[in-house]
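Colleague: The structure follows.
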Amino acid sequence: MSSMTMAMDVDDSPSKITFSRYYAYIGFIIGVVAFVNLGMSYDADAIFPALTSSAGLMWAFIGAIIAGVAAFSVASIRPELGESKAASLLVSWLDVAMGMVALTFVLAAFEPSVLEINYENQSNLLSANVIMTMNMVFIFSAVCYVAHMFAYDSFIGKLATYTAWAAVYAGGSGLLLRWHESYLIGEAMTDSSIGHAPVSNLYEVFVLLCCITTLIYLALEKKYEVKSLGAVLMPLVSAGVFFGIWLDSIGQSDIKPLVPALQSYWMKIHVPMNFVGYGSFAVASAAGMLYLIRQTIERTATSSHYLTIMPTLKQLDELGYKAVAIGFPAFTLATILGAAWAAEAWGGYWSWDPKETWALIVWLVYGAYLHVRVTHGWSGRALAWWTVAGFLITVFCFVGVNMYLSGLHSYGKLM
């Protein structure tokens, strides 16, 4: 009997740890919120340095410890509560976020002092090196995914996945470092308005897009074991990496003060939600491309070994649908938040600005996709082409409008 009890305790401990870790993260967030509202005079421009101060970290970690210990105690008394679906689903993503934060704190210790920072020459800031590391690792990961398709090997496949994760951590930490560095530059220039979230120019949002797209893909790869999808998706991410490198080469990577229209808390919410949509649409497009590739192989070479590596047509069709189902609500919310931001910045919710118009076109394209899929039962080749065409429209909405069309969003153009 005692051995059975010990076995049960061992089996229960992972769920208790997961449950406790999940609520420790919740407590961490509650501690941050409490600090913002009770421990400091709220100032949106100064919130990042305040949260990374000793006082901010103390509030956050006290919240985490209290919540984590309480959750472990509750799960010990009532083990069934430790089987929380929300905890098991979200805790791994919270682990990723906390890992990026921890890595950022380590890297920040190697930043130059305020006296060594020059607004005109930002080459000694550490984030540039971290993001360049991300670029190289993303490209290496793409090569591994493609090699895995042509020379199927478990080691190459694992290396592809691990390096994709490493690139995501580097990119996320690099962006957080840029956030920290913007305040260092502001301190060096005695201008606190320079400090801002790292989603204010094409260079920064391309880094964000590469990371979010890869995260969405990695989640699907883990759940559905579709590593061959990475052979199509990761070269798309690498194309974004090369575009970011080009932006850096023409001087678009410097941290600069925000234009008035971007000086709003809406930016921190609207932009990331937008890129969850863009990233999901990229994954859907990759699934559509692989669908078309597999269908062509099936018609011309039914005995090809690639057919044993690729997901089935039905699986790829479902993956495209699932990716759009993730991205469309996020893009819809981003569009609504953007309208609220426009009302605050320009006095109107909608002005038929080129960026707004093309965002509406993207929304209609994917809304129509879901409509014909869910209500009319469409599937297969037509929807595979739909995801590819939809992503091309999305790319123009994201890059083309910013680079070539003027309007209220002209601050996104290349300078």
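The values are calculated or read from the model by the stated rules, or taken from the named source; none is laboratory data. These numbers come from a predicted model, not from an experiment. Note: ideal-geometry Cβ built from the backbone for every residue, glycine included; neighbour counts use all protein chains shown.
Colleague: Going by what's in this entry, would residue 168 be described as at pLDDT below 95 and crowded, with 19+ Cβ neighbours inside 10 Å? Full working, then the answer.
Modeller: Details: at pLDDT below 95: no; crowded, with 19+ Cβ neighbours inside 10 Å: yes.
For residue 168, the condition - at pLDDT below 95 and crowded, with 19+ Cβ neighbours inside 10 Å - is not met.
Colleague: Since residue 349 meets every condition but one in (1) surrounded by 19 or more Cβ atoms within 10 Å (Cβ to Cβ); (2) more than 23 Å from the chain's Cα centre (by Cα); (3) within 27 Å of residue 403 (Cα to Cα), which condition does it not meet?
Modeller: Only one criterion in (1) surrounded by 19 or more Cβ atoms within 10 Å (Cβ to Cβ); (2) more than 23 Å from the chain's Cα centre (by Cα); (3) within 27 Å of residue 403 (Cα to Cα) is unmet by residue 349, namely (1).
Colleague: Then there's this: Taking the stretch 276-333, which residues are of a type in the set (Gly, Ala, Ser) and surrounded by 23 or more Cβ atoms within 10 Å (Cβ to Cβ)? Break it down stepwise before answering.
Modeller: Going through the stretch 276-333, the residues of a type in the set (Gly, Ala, Ser) turn out to be 277, 279-280, 282, 284-288, 301, 303-304, 320, 323, 325, 327, 330.
277, 279, 280, 282, 284, 285, 286, 287, 288, 320, 323, 327, listed by residue number.
Colleague: Considering only residues that are part of a helix (DSSP H, G or I), surrounded by fewer than 19 Cβ atoms within 10 Å (Cβ to Cβ) and touching a residue at least 40 places away in the same chain (Cβ under 8 Å), which ones fall in the stretch 244-259? Explain how you work it out, then say what you get.
Modeller: At the first step, the residues of the stretch 244-259 found to be part of a helix (DSSP H, G or I) are 244-249.
Restricting the remaining residues to those that are surrounded by fewer than 19 Cβ atoms within 10 Å (Cβ to Cβ) gives 245-249.
Within the stretch 244-259, 245, 247, 248 meet the criteria.
Colleague: Quick one: which residue in 346, 350 is out of contact with any strand residue (DSSP E or B) (no Cβ under 7 Å at 6 or more places or on another chain), farther than 17 Å from residue 386 by Cα, aromatic (Phe, Trp, Tyr) and touching a residue at least 40 places away in the same chain (Cβ under 8 Å)?
Modeller: Only one candidate qualifies: 346.
Colleague: Are any of the residues in the stretch 162-177 in contact (Cβ under 8 Å) with a residue 24 or more places away in the chain, of a type in the set (Phe, Trp, Tyr) and in contact with a His (Cβ under 8 Å, 6 or more places away or on another chain)? Walk me through it before giving the result.
Modeller: Kept after step one, since they are in contact (Cβ under 8 Å) with a residue 24 or more places away in the chain, are these residues of the stretch 162-177: 163-177.
From what is left, the residues that are of a type in the set (Phe, Trp, Tyr) are 165, 169.
Still in the list and also in contact with a His (Cβ under 8 Å, 6 or more places away or on another chain): none.
No, the stretch 162-177 contains no residue that is in contact (Cβ under 8 Å) with a residue 24 or more places away in the chain, of a type in the set (Phe, Trp, Tyr) and in contact with a His (Cβ under 8 Å, 6 or more places away or on another chain).
Colleague: Just wondering, is there one or more residues in the stretch 101-122 that are within 30 Å of residue 263 (Cβ to Cβ), touching a Gly at 6+ places or on another chain (Cβ under 7 Å) and aliphatic (A, V, I, L, M)?
Modeller: No, because not a single residue in the stretch 101-122 is within 30 Å of residue 263 (Cβ to Cβ), touching a Gly at 6+ places or on another chain (Cβ under 7 Å) and aliphatic (A, V, I, L, M).
Colleague: Does residue 41 satisfy the condition of being modelled with pLDDT of 90 or more, farther than 23 Å from residue 175 by Cβ and loosely packed, with under 14 Cβ neighbours inside 10 Å?
Modeller: Numbers: modelled with pLDDT of 90 or more: no; farther than 23 Å from residue 175 by Cβ: yes; loosely packed, with under 14 Cβ neighbours inside 10 Å: yes.
For residue 41, the condition - modelled with pLDDT of 90 or more, farther than 23 Å from residue 175 by Cβ and loosely packed, with under 14 Cβ neighbours inside 10 Å - is not met.
Colleague: Let me ask something else about it. Can you confirm whether the stretch 284-291 contains a residue that is farther than 21 Å from residue 215 by Cβ, small (Gly, Ala, Ser) and either touching a helix residue (DSSP H, G or I) at 6+ places or on another chain (Cβ under 7 Å) or not assigned by TED's automatic domain parsing to the domain that holds residue 389 (or both)? Spell out how you get there, then give the answer.
Modeller: The initial filter retains those residues of the stretch 284-291 that are farther than 21 Å from residue 215 by Cβ, namely 291.
After this cut, where a residue has to be small (Gly, Ala, Ser) as well, the list is none.
Looking for residues that are farther than 21 Å from residue 215 by Cβ, small (Gly, Ala, Ser) and either touching a helix residue (DSSP H, G or I) at 6+ places or on another chain (Cβ under 7 Å) or not assigned by TED's automatic domain parsing to the domain that holds residue 389 (or both), one finds none in the stretch 284-291, hence no.
Colleague: Would you be able to tell me the number of residues in the stretch 110-150 that are of a type outside the set (Val, Ile, Thr) and under 21 Å from residue 237 (Cβ atoms)?
Modeller: Our first condition is that a residue be of a type outside the set (Val, Ile, Thr); within the stretch 110-150, this holds for 110-113, 115-116, 118-129, 132, 134-136, 138, 140-142, 144-145, 147-150.
So of that shortlist, the ones also under 21 Å from residue 237 (Cβ atoms) come out as 127-129, 132, 134-136, 138, 140-142, 144-145, 147-150.
Count: 17.
Colleague: Take the conditions assigned to a loop (DSSP other than H, G, I, E, B) and under 22 Å from residue 110 (Cβ atoms) and apply them to residue 124. Does it pass?
Modeller: Details: assigned to a loop (DSSP other than H, G, I, E, B): yes; under 22 Å from residue 110 (Cβ atoms): yes.
Judged against the criteria, residue 124 is a match.
Colleague: Name the one entry in 276, 237, 283 that is touching a Cys at 6+ places or on another chain (Cβ under 7 Å) and either more than 22 Å from residue 195 (Cα to Cα) or acidic (Asp, Glu) (or both).
Modeller: Details: 276 fails: touching a Cys at 6+ places or on another chain (Cβ under 7 Å); 283 fails: touching a Cys at 6+ places or on another chain (Cβ under 7 Å).
When all the criteria are applied, what remains is 237.
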